[in-house]
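Enquirer: Pasting in a structure now, in structure tokens, and then I'll have a few things to ask.
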Amino acid sequence: MNLPSKIQSAEISIHNAFVPGDLGQLIYIHGIQNFADYGFNELHEASCARIAVDIILDQSKGRSHVWLAKKEGKVVGSIFIVERPDNEAQLRLLFVDLSVRGVGLGRWLVEESIRYCRFSKFRMVYLWTVEGLDRAISIYESVGFVRVREKSVEDWGQSNVEVRFDLTFE
């Protein structure tokens, strides 16, 4: 795993497995920061917890994979690839804590997860996000994800437009 120098200089390390305490830290930073940034309520936090718990409890794991970014032993970022039927993968829980934003960690996590999907011979990777998450959306679009679908939803204490992005490998 080749971390860019800016991420290394920030003393961030990447881990591919959960250890005790990681789950709580991950859900806490998602809950607090996404409420502060976007107004997402406790249902969003619970949804993030369910995604992470499903990854941890799935004993078969298959080609599902996790990247946890840590600084000084604390979780400060994440991205998951979840194996889906029909040789597809779903990108989940991209997050970079406010304390380490600006060093390129989000972009690196997305690019690394795409490298993993290509290496693992997935046919395609997709994700769902919501309008307004501009930093993440700009990264997705810059690496080749294409907006393919939108739907209005009442979720997480507000009205949102969910957007699906696909990246097909050739």
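The values are calculated or read from the model by the stated rules, or taken from the named source; none is laboratory data. Model, not experiment: these values are computed from the prediction. Note that we place each Cβ from the backbone using ideal geometry, even for glycine, and neighbour counts take in every protein chain shown.
Enquirer: Let me spell it out: the conditions are (1) modelled with pLDDT of 95 or more; (2) in contact with a helix residue (DSSP H, G or I) (Cβ under 8 Å, 6 or more places away or on another chain), and F122 meets all of them except one. Which number is the exception?
Expert: Here F122 clears every test but (2).
Enquirer: Oh, and also: For the structure I just gave you, tell me whether L43 is among the hydrophobic types (A, V, I, L, M, F, W, C) and surrounded by 13 or more Cβ atoms within 10 Å (Cβ to Cβ).
Expert: No: the conditions fail for L43.
Enquirer: Sticking with this structure for a sec: Give the residues of segment 14-40 that are small (G, A, S) and surrounded by fewer than 16 Cβ atoms within 10 Å (Cβ to Cβ), sorted by residue number.
Expert: Within segment 14-40, A17, G21, G24, A36, G39 meet the criteria.
Enquirer: Residues in segment 127-156 that are at pLDDT 90 or above, in a strand (DSSP E or B) and surrounded by 13 or more Cβ atoms within 10 Å (Cβ to Cβ): how many?
Expert: Number satisfying all stated conditions: 2.
Enquirer: Which of the numbered conditions does K121 fail, given that it passes all the others? Conditions: (1) assigned to a loop (DSSP other than H, G, I, E, B); (2) buried (at least 16 other Cβ atoms within 10 Å of the Cβ).
Expert: Only one criterion in (1) assigned to a loop (DSSP other than H, G, I, E, B); (2) buried (at least 16 other Cβ atoms within 10 Å of the Cβ) is unmet by K121, namely (2).
Enquirer: Same structure again: Cβ-Cβ under 7 Å, sequence separation 6+ or interchain: first residue in segment 23-34 and within 9 Å of V75 (Cβ to Cβ), partner among the polar types (S, T, N, Q). Which pairs?
Expert: The qualifying pairs are L26/S78.
Enquirer: Do any helices (runs of 4 or more DSSP H) lying entirely in segment 1-60 carry at least 2 residues that are touching a Gly at 6+ places or on another chain (Cβ under 8 Å) and modelled with pLDDT under 85, and which ones are they?
Expert: 42-57
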